[in-house]
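Colleague: Structure incoming, see below.
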Amino acid sequence: GNNYAPHATAGGVVFHADRAGNDDVMWKETGSEITPNYLTTNPADDRHPCLAPGDSLVAFASDRSGNWDIWLMHASGESHGLWQLTSNVADETQPAFNPGGDLVAFHRSGVGIVAADVVSRLEYQITANPTDTEPCWSPSGMEIAFSRELAGEYHIWKTSNVPDTAVEETTWGFIKALHR
């Protein structure tokens, strides 16, 4: 089968693969000759896995609820703990944990980049451009880099407006260009 979207840590790599006829999240230990483990086995598609710091949780996008939402599971797999982080009617994909492991940034279709608190599920709109995708946290957790489409080309941008406490939505959306 095909393997996609790897996210590596010191312990191993999570990725999604279509080996079973649909997309499942898989795990392979670093340096292991053993066949990768299935972390999800639901007949729905599960894509874009991301490990939390410390390899304790995996965030991923799944269409198991009827549209693409962000789900969290224990790093040992969905049978050891699984819960839905988002439940918006818009599709949500491309999750990325912050360095503290308490926030997950993701792309929301028609909106841009949003972050959700892992425990409270409070959401914070980070950007307001629907073409903003592929969020990536800085090592300090103070900035998020992302792709933005302009005139048919994608460029890398960043924002320094990341949630560390609940703030009013009007403060979000300050965007600076990194690369043109």
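Colleague: Relative contact order of the stretch 81-168, please, whole-number percent, based on alpha carbon pairs below 8 angstrom and at least 6 residues apart.
Modeller: On the way: 181 pairs, mean separation 17.8, N = 88.
Relative CO of the stretch 81-168 lands at 20 percent.
Colleague: Shifting gears a bit: In the chain, with Lys and Arg counted as +1 and Asp and Glu as -1 at Cβ, which of these residues, 112, 61, 154, has the Cα nearest the positive end of the dipole, that is, farthest along it?
Modeller: Highest projection toward the positive end goes to 154.
Colleague: Moving to a separate point now. Roughly to the nearest percent, how much of the accessible area of the chain is carbon and sulfur, given a 1.4 Å probe?
Modeller: Carbon and sulfur together cover 51 percent of it.
Colleague: Would you work out the relative contact order for the chain, in percent, from Cα pairs under 8 angstrom that are 6 or more residues apart?
Modeller: On the way: 459 pairs, mean separation 19.8, N = 180.
For the chain, the relative contact order is 11 percent.
Colleague: List, in order, the whole-Hz ³J(HN,Hα) value for each residue of the stretch 48-54 obtained from phi through the Karplus relation with A = 6.51, B = -1.76, C = 1.60 and θ = phi - 60°; use x for Gly and Pro.
Modeller: 6, x, 9, 8, 6, x, x
Colleague: Right, something else. In square angstrom, what is the accessible area per residue of the stretch 69-142 with a 1.4 angstrom probe?
Modeller: Per residue, the stretch 69-142 has an accessible area of 41 Å².
Colleague: So, one more: Which residues does a label at residue 32 reach in the stretch 1-20, if reach means a backbone N under 12 Å from a point 7 Å past the Cα toward the Cβ?
Modeller: Counting backbone N atoms under 12 Å from the label point, the list is 11-15.
Colleague: Evaluate the relative contact order of the stretch 7-110 (contact order divided by residue number), counting alpha-carbon pairs under 8 angstrom at least 6 apart; express in whole percent.
Modeller: Across the stretch 7-110, relative contact order equals 19 percent.
Colleague: Which cross-chain or sequence-distant (5 or more) residues have an amide H under 5 Å from the amide H of residue 57, H modelled 1.01 Å from N in plane?
Modeller: Amide H neighbours of residue 57: 52, 75.
Colleague: What is the dipole size for the stretch 1-87, taken about its Cα centre, with +1 at each Lys and Arg Cβ and -1 at each Asp and Glu Cβ, in debye to the nearest 20?
Modeller: The calculated dipole for the stretch 1-87 is roughly 60 debye.
Colleague: Using θ = phi - 60° and the Karplus form 6.51 cos²θ - 1.76 cosθ + 1.60, what ³J(HN,Hα) does each residue of the stretch 108-114 get, whole Hz, x for Gly and Pro?
Modeller: Those phi angles translate into 10, 4, x, 10, x, 9, 10 Hz.
Colleague: Also, quick follow-up: Placing +1 at every Lys and Arg Cβ and -1 at every Asp and Glu Cβ, with all other atoms neutral, what dipole size does the stretch 73-165 have around its Cα centre, in debye to the nearest 20?
Modeller: 60 debye
The values are calculated or read from the model by the stated rules, or taken from the named source; none is laboratory data. Small disclaimer: the values here were computed from a predicted structure and weren't measured. Cβ atoms come from the backbone with ideal geometry, glycine included; neighbour counts cover every protein chain shown. Surface accessibility is based on the protein's heavy atoms, side chains included, excluding ligands, DNA and RNA. Shrake-Rupley method; radii C 1.70, N 1.55, O 1.52, S 1.80 Å.
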